[in-house]
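Here the structure comes first, spelled out in structure tokens, and everything after it is commentary.
Every number in this text was worked out from the coordinates using simple rules, so none of it is lab data. Predicted model, so just to flag it, every value in this text is computed and none were measured. Positions of Cβ are generated from backbone atoms using ideal geometry, with glycine treated the same way; all protein chains shown enter the neighbour counts.
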Amino acid sequence: MTQAGSVAEAASNTQDLGSKAVVIDVKGLSKTYFRGKEKLDVLRDLSLTAHEGEFIALMGPSGSGKTTLLNIIAGLDRPSSGSVRVAGADLAGMSDSALAGFRAANVGFIFQTYNLLPVLTARENVELPLLLTNLGSAERRRRAETALKVVGLSERMDHYPRQLSGGQEQRVTIARAIVTDPKLIVADEPTGDLDRDSADEILSLLRKLQTEFKKTIIMVTHDPAAAESAGTVHHLDKGKFK
């Protein structure tokens with residue numbers, strides 16, 4: 001691509017993003033832990049913005065703060081200073097119970113380990129987040145089946161995790177992540193336990209969620225091939241963007 005083409009494309013993308021809702025708005029974020037009297041600055045004065053339908057990858061060495069940043073954005077951890085707004089909500093000012101409700105309604109989680117309950121079928125595992133809602137059993141079942149259809153597992157709804165491949169198990173976790181129709185999907189090393197072919201299938205599915213369903217996705221990864229799936233890549237080092 002020519003430089004002129006790149007500039008034109010960047011300008012077009014900027015204009016397009018300007019018309020979309022801001023889903024993540026992080027300003028001046030810092031996170032400090034204390035180990036005894038030792039002060040550990042894990043994140044230092046970070047700012048990050050993501051609009052609806054953006055796919056962002058976070059990369060960096062172990063200990064750079066990637067997962068800490070992801071957890072704060074997802075409402076699983078709190079900043080030491082700075083502001084964190086996700087889907088219009090001020091997370092830093094929420095109580096623990098309010099944060100739990102916010103996560104249930106707005107955030108879908110995908111982890112490296114699948115965290116599926118072995119005694120439940122794929123459909124029953126996907127239904128789990130809906131148990132926190134007021135939906136009836138028939139509607140929960142319908143939504144779980146729809147989510148499994150989106151990830152290509154219509155034929156495996158009644159299978160147990162032990163009857164699925166690793167890639168299929170991760171598809172079930174993705175279905176579980178999207179069954180509540182969240183505004184944000186956070187993924188922590190979603191391809192870390194998969195072979196290359198299965199990993200590519202999962203990345204293709206994440207891109208589908210971004211492009212077809214307009215989901216905002218933020219993903220931590222060590223895999224350059226996975227990062228290439230994202231539209232934007234941020235590199236963290238010692239708690240700051242490089």
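Some observations on this one:
- Taking the listed residues GLY152, GLY167, GLY136, the one that is in contact with a helix residue (DSSP H, G or I) (Cβ under 6 Å, 6 or more places away or on another chain), among the small types (Gly, Ala, Ser) and surrounded by fewer than 23 Cβ atoms within 10 Å (Cβ to Cβ) is GLY167, with no other qualifying.
- The single residue among ASP200, ASP188, ASP181, ASP195 that is closer than 26 Å to GLY63 by Cβ and surrounded by fewer than 23 Cβ atoms within 10 Å (Cβ to Cβ) turns out to be ASP188.
- When SER83 is tested against (1) loosely packed, with under 14 Cβ neighbours inside 10 Å; (2) under 20 Å from the mean Cα position of the chain (by Cα); (3) closer than 18 Å to ILE24 by Cβ, just one condition goes unmet, and that condition is (1).
- Complete set of residues in segment 203-220 that are among the aliphatic types (A, V, I, L, M) and either surrounded by fewer than 22 Cβ atoms within 10 Å (Cβ to Cβ) or outside any strand (DSSP E or B) (or both): LEU203, LEU205, LEU206, LEU209
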